[in-house]
Amino acid sequence: MFPLDRPRRLRRTPALRRLVAETSVEPRHLVLPMFVADGIDEPRAISSMPGVVQHTLDSLTKAATDAVSAGVGGLMLFGVPTPADKDADGSAASDPDGILNRGLRTLRDELGDSTVLMADTCLDEFTDHGHCGVLAADGSVDNDATLRRYVDMALAQADAGAHLLGTSGMMDGQVGAIREALDSSGRSGTGIIAYAAKYASAFYGPFREAVGSSLQGDRRTYQQDAANRRESWREVDLDLAEGADIVMVKPAMSYLDVLREVADRSSVPVAAYQISGEYAMITAAAERGWIDRDAAILESLTSIRRAGADIVLTYWAAEAARWLGNSRS
Ligand code: PBG
């Protein structure tokens, strides 16, 4: 007549709930993606990502230092060149004086080994056509010619002080090509955080504004189709075989099933990227008073951790690290 098993018993008080929580989010799990732009004197707001900015080198240094003192696990840096510095090959990406490499050098000088400094190893911010690689004569993205550009970019980023290179371009063989180039040039200590399962997603929309992307069209010939699950195992297996130190699933929230499977199969730590559109959705709904912002952020981060992410890239990393570090409840 009355239920014998009563799961509600363990939910009665905050202390009971805390005692039995299976998943936690700690500051060290969170990585803050940051944008550094060339040719600006003041930080520039990104309208579709309220609260996120394109930094100057000075504001980058300050925000990065604050994030590190809040306890974040690392920083992922993206460069935004001036429109005049973009070209078909994305040359500014491998130029030691290009904005991304200057940003990396500045942060490494300031922060040393006190945090984990990561770099976006991809061409889309630097190409005038906005694709993640260089184009063949027929306009398609040329995989193997792109690998040569990624190698140049990777060596420059390693020299600029990145601890980990974020291979986000979804070219076949990119992890192997970069690993080989690093190892054969005395840079074997630089690691690779491989965007292994990266899907072509509508939720990247605000990022295109964040990096001033020139892309017309889409990335469906190189990023994965949202319909596919097994394809992620193939991508992850390849990246592991090619030497990835960490594998990533991206986006996070629409792909939690994929994340779970990758976490179950991976022999290396697994990251997930809560991307720009995920940030924008929660921010916009909260601005309208439709959801409780802080609770929604924490729930989203907890669900990504529960699905198996050891590391979560999120634009809320510094803010969330601050609350999490302060709260003991
Ligand atoms: C490629 C890259 C992208 C993001 C991270 N690295 C853009 C894309 O693949 O279109 C998206 C991140 C986000 O949306 O927050 N350099």
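Between rounded, prolate and oblate, where does the stretch 187-329 land on the alpha carbon gyration tensor, with a ≥ b ≥ c its root eigenvalues, rounded for a/c under 1.5, else prolate if a/b exceeds b/c? Oblate is the answer for the stretch 187-329, as a/c is 1.5 or above yet b/c matches or exceeds a/b. Restricting attention to the chain, close to 10% of DSSP beta bridges with both partner residues there are antiparallel. Take the chain with all the other protein chains still there, run a 1.4 Å probe, and you get 45 Å² of accessible area per residue. Grab the Cα-Cα distance for Ser69 and Arg229, subtract it from 0.36 nm times how many residues apart they are, and report the gain in nm with one decimal. Full extension from Ser69 to Arg229 adds 53.8 nm.
Evaluating 6.51 cos²θ - 1.76 cosθ + 1.60 at θ = phi - 60° for every residue in the stretch 111-121, the Karplus couplings come out as 9, x, 9, 6, 9, 9, 9, 10, 10, 6, 9 Hz, glycine and proline recorded as x. Dipole magnitude for the chain: about 2000 debye, using +1 per Lys or Arg Cβ and -1 per Asp or Glu Cβ, origin at the Cα centre. What is the angle, in °, between the Cα long axis of helix 57-70 and the longest principal axis of the Cα atoms in the chain? Nearest 10 is fine, range 0 to 90. It works out to around 30 degrees. To the nearest 10 degrees, how steep is helix 317-326 against the longest Cα principal axis of the chain, on a 0 to 90 scale? The helix 317-326 is inclined about 30 degrees to the chain. Tilt of helix 276-287 relative to the longest C-alpha principal axis of the chain, in degrees (0 to 90, nearest 10)? That helix lies at roughly 50 degrees to the long axis.
Between Glu287 and Glu26, the modelled labels are 3.5 nm apart [label points 7 Å from Cα along Cα→Cβ].
Taking a straight Cα-Cα cut-off under 15 Å and skipping sequence neighbours fewer than 8 places away in the same chain, the aspartates and glutamates within cross-link reach of Lys62 are Asp41, Glu42, Asp109, Glu110, Glu319. Listed by chain and number, the aspartates and glutamates whose C-alpha is less than 17 Å from the C-alpha of Lys86, apart from same-chain residues fewer than 8 away, are Asp38, Asp95, Asp97, Asp120, Asp124, Glu125, Asp128, Asp152, Glu209. Nonpolar atom fraction for the stretch 25-328, defined as the carbon and sulfur part of the 1.4 Å probe accessible area, stands at 49 percent. Only lysines eight or more places from Lys250 in sequence, or on another chain, were considered; those with a Cα closer than 20 Å are Lys198.
Each residue, Asp144 and Lys62, gets one label point 7 Å from its Cα in the Cβ direction; the gap between the two is 5.0 nm.
The values are calculated or read from the model by the stated rules, or taken from the named source; none is laboratory data. Being a predicted model, the structure only gives us computed values, none of them experimental. Glycine also receives a Cβ, built like all others from the backbone with ideal geometry; neighbour counts cover every protein chain displayed. SASA here: full protein model, heavy atoms, side chains in, ligands and nucleic acids out. Shrake-Rupley method; radii C 1.70, N 1.55, O 1.52, S 1.80 Å.
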